Amino acid sequence: MDLKDYIRSIPDYPKKGILFRDITTLIKDEKAFSETINLIVERSKEFKVDKIAAIESRGFVFASAVSYLIKKPFIMLRKKNKLPAETYSTDFQLEYGTATIEVHKDSIEKKDSVLIIDDLIATGGTAEAAAKLVKMSEGNVAGFIFVINLFDLGGSDNLKKKGYKVENLIDFPGH
């Protein structure tokens with residue numbers, strides 16, 4: 001199964017010049033979604049993992065299923081002011097603006113090995129912010145798994161240059 005066939009591309013969304021890779025067409029197909037989850041589970045075996053973390057919101061779709069299947073706790077990295085307890089917080093740059101993500105301070109324990117899963121990597125700003133939250137929590141980043149890598153935007157390569165292990169299922173150009 002070629003998962004690329006299940007990704008819809010939408011030009012000029014969310015703003016002019018962005019070619020948005022839409023995963024809703026992948027997750028609405030039960031066979032493509034199952035194959036995606038199975039591939040992530042298989043790739044996760046290459047990492048030492050105590051916990052799974054995902055970036056709001058599309059990362060939750062994949063990571064919660066993987067967390068359930070490999071029987072590891074699931075940690076939500078959420079947008080600012082969405083978590084009710086005490087949090088660590090970090091700001092980061094997106095290719096089309098800025099944002100903030102947070103994690104509960106009691107979600108990750110010292111030396112936990114955390115695998116971060118997300119739907120897509122572009123420039124890598126969100127992924128680096130997620131890694132920063134894990135480190136602020138005194139955990140270790142086991143690595144990253146992305147469904148889609150927008151290879152020409154360099155995020156995956158930047159993470160690798162910083163010493164992170166990175167896996168992805170699909171490569172697309174970003175524009």
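What follows is calculated from the coordinates using simple rules that are stated; it is not laboratory data. From a predicted model like this one, the values you see are computed outputs, not experimental measurements. So basically every Cβ, Gly included, is an ideal-geometry build from the backbone, and we count neighbours across all protein chains shown.
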If each K or R counts +1 and each D or E counts -1, the residues other than M1 whose Cβ falls under 13 Å of its Cβ total -3
Cβ-Cβ cut-off under 9 Å around M76, Lys and Arg +1, Asp and Glu -1: the net charge is +1
Sorted by chain and number, the residues with a modelled amide H under 5 Å from that of I75, at a separation of 5 or more or across chains, are I52, A53, A54
For 54-62, 81-89, 143-151, ranked highest to lowest by mean beta-carbon neighbours within 10 Å, the order is 143-151, 54-62, 81-89
per DSSP, antiparallel bridges as share of beta bridges in the chain, % nearest 5, sits at 40
Among A53, I7, V66, the residue whose Cα sits farthest towards the positive end of the charge dipole of the range 1-94 (+1 at Cβ of Lys and Arg, -1 at Cβ of Asp and Glu, taken about the Cα centre) is A53
Magnitude of the Cβ-charge dipole (Lys and Arg +1, Asp and Glu -1) of the range 8-82 about the Cα centre, nearest 20 debye, reported as 400
Quick note on K135, K72, K31, ordering by fewest other C-beta atoms within 10 Å, gives K31, K135, K72
Beyond 24 Å (Cα-Cα) in this structure, taken from K80/K135; K79/K132; K82/K132, we find none
Amide H proximity to E167 below 5 Å, modelled H, separation 5+ or other chain, gives F144, I145, F146
